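Right, one structure below, let's go through it.
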Amino acid sequence: MHLSRVVLLAGLVAIPTTATAAPLTRAPKRKTVTRAPKTVQAAPIQRVPTKNRAGFTWQGFRVEWLAKVVGFRMPHRFGSFDSRIVAQQHKVSNSTWMATANAKFEFTPGVDGDYAKPLLRYSLAHSSKIAVTRGKVNFSFTDDVTGDYDKPEKSGNFPKAETSRHKRASITLDATQSFGRYDNYAVVLRGVTIDMECAAGQPGKACNSDGLWPHRLYVSIDDCSRSGGKLQCDFDLDIFRSWTPDKGGGKPLNDQMAFDVDIHYTVFGGNDGNFHAGNTNLITRTGSIQGTSMDKVRKTGNRTITGQAGYANATMGLTAFGFELTKTGNAKNRGHLGRYLSGLDFRISDRTYNKSTGAMDWSYAVAFWAPTTVKQSDVTYYLRGKLLQFGDGSTVTSSTAVPGAPNTIWADHTATGTACMEGDFFKKCANKGMPEDTKSTKAIRVVTPL
């Protein structure tokens, strides 16, 4: 069976050692959550050597299925997913800073074919007076559906699997650059990888697809504190799934799904005057999922976060993102909360930064999109950012760095991959110039004058 992967990028969290940051608001959890009975043993956190004094910042993703049948976009179950930045290398000379990395992508449908061009957004920061390290936290578990498979509309006991996982993870700081003695730290997402496969089909039936109909996905890094040479941070993951109102068009609901999820993170650290970070509030937006395009359902906004005045450069990182579908309509079958989807969008972008005030104007976009062939659903979105400020001698840039404007992260600092799977309704990967593969890697190379 094909194992799907979904990569979750880790969010930056500022950790001053001399001052207490304002408490962060965590996305509300549904009271009806049923935790999977299996005890999860997260993989031990491995010490990751500091990679120079520079790092890419993951600013989110956009994925969208593109094939059409009879003029309509095709929706699919949510399968393997990956969006992350790996293999970073930073070479700094007297006049330039060359940064290279790989953007990893995976976007997998349920059983039918389709193609996509997944997108990843990033920014970059460099300073000789900071340190940067990277790592990941793993969650591996098998969920279980509870509820009435046979007559849920009559009993009101709709089958679903709602799994929430939490880990207070320890991150070891590299002592070779005095990383464990800085005044301030921030931990942000570097991406997310989710592997999933069917572990058991609906009772009396075989597994049907390695994908799922989601009704909640939430990833978060929060509440970091330092003790000696280690950071302690809260890592949270929610994956909720269920049938659609039409029971997937007659497709079985897998009784058990096995998940292997990595939340990838980056840690920035530095002393007062060289590095500072601050949290945004958790942004909550509501909307509906059904539309003729993702543009029709996407929610966007501009925000301002004010850090400390006098820091030369700044950029934004992500610490949380997610969505939850809620019961919509009075029909009895609307107790089935899962939906097919055609696209997801969770991105942030730097706009302008004012050194004299420490204020950053930034923007965001959130979307869960399903075409009009899918039953309507209300949706709540969650997103949280983090302001990363860097002192004199630092550089913040993007893939289209412009000399004289180092504080601006331009709109096209993105990497784009490919995902393609052939099936009954789509058999044209070669015609789209793509290999038949739901995974891809895009090389990133950015050269910035110093």
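No lab work stands behind these numbers, since they all come straight from the coordinates. The structure presented is a predicted model; accordingly, all values stated were derived computationally and were not measured. When we count neighbours, we look across all protein chains shown, and the Cβ atoms used for this are built from the backbone with ideal geometry, even at glycine.
General remarks:
- Extension gain (nm, one decimal) between ASP272 and LYS205, 0.36 nm per residue minus Cα-Cα: 18.1 nm
- Hits among aspartates and glutamates - C-alpha to C-alpha of LYS375 under 13 Å, sequence gap 8 or more where chains match: ASP246
- Extension gain (nm, one decimal) between SER363 and ASP437, 0.36 nm per residue minus Cα-Cα: 23.4 nm
- With 10 Å bins beginning at zero, the pair-distance distribution over Cα atoms of the stretch 152-222 amounts to 11, 30, 25, 16, 11, 6, 0 %.
- Within the stretch 123-168, all pairs of alpha-carbon atoms sorted by distance into 10 Å bins from zero give the percentages 18, 24, 18, 16, 12, 9, 2.
- Per-residue 3J(HN,Hα) values for the stretch 187-198, derived from phi via the Karplus relation 6.51 cos²θ - 1.76 cosθ + 1.60 with θ = phi - 60°, read 10, 10, 5, 10, x, 9, 10, 10, 9, 9, 7, 5 Hz in sequence order (x marks Gly and Pro).
- Under-5 Å amide H pairs with HIS76, H placed in peptide plane, nonlocal only: LEU341, SER342
- Under 26 Å between alpha carbons - lysine pairs in the stretch 121-261 that sit 8 or more apart or on different chains: 16
- The stretch 299-379 shape via C-alpha gyration tensor axes, a/c threshold 1.5: prolate
- Fewest-first ordering of HIS166, HIS90 by other beta carbons within 10 Å of each residue's beta carbon gives HIS166, HIS90.
- Applying 1/(1 + (r/R0)^6) with R0 = 56 Å to the Cβ-Cβ distance of GLN89 and LYS154 gives a FRET efficiency near 0.40.
- Net lengthening on full extension, ASN102/ASP246 (0.36 nm per residue, minus Cα-Cα): 47.8 nm
- Gyration tensor verdict on the stretch 84-185 (Cα atoms; rounded if a/c is under 1.5, prolate if a/b is larger than b/c, oblate otherwise): oblate
- Remark on THR163: its backbone amide H falls under 5 Å from those of ILE239, PHE240, ARG241, a criterion applied only to residues 5 or more positions apart or on other chains, H modelled at 1.01 Å from N.
- Efficiency of FRET between SER288 and GLN232 - r from beta-carbon atoms, R0 35 angstrom, step 0.05: 0.35
- Amide hydrogen neighbours beyond the local backbone of GLY358, cut-off 5 Å, H modeled: GLY310
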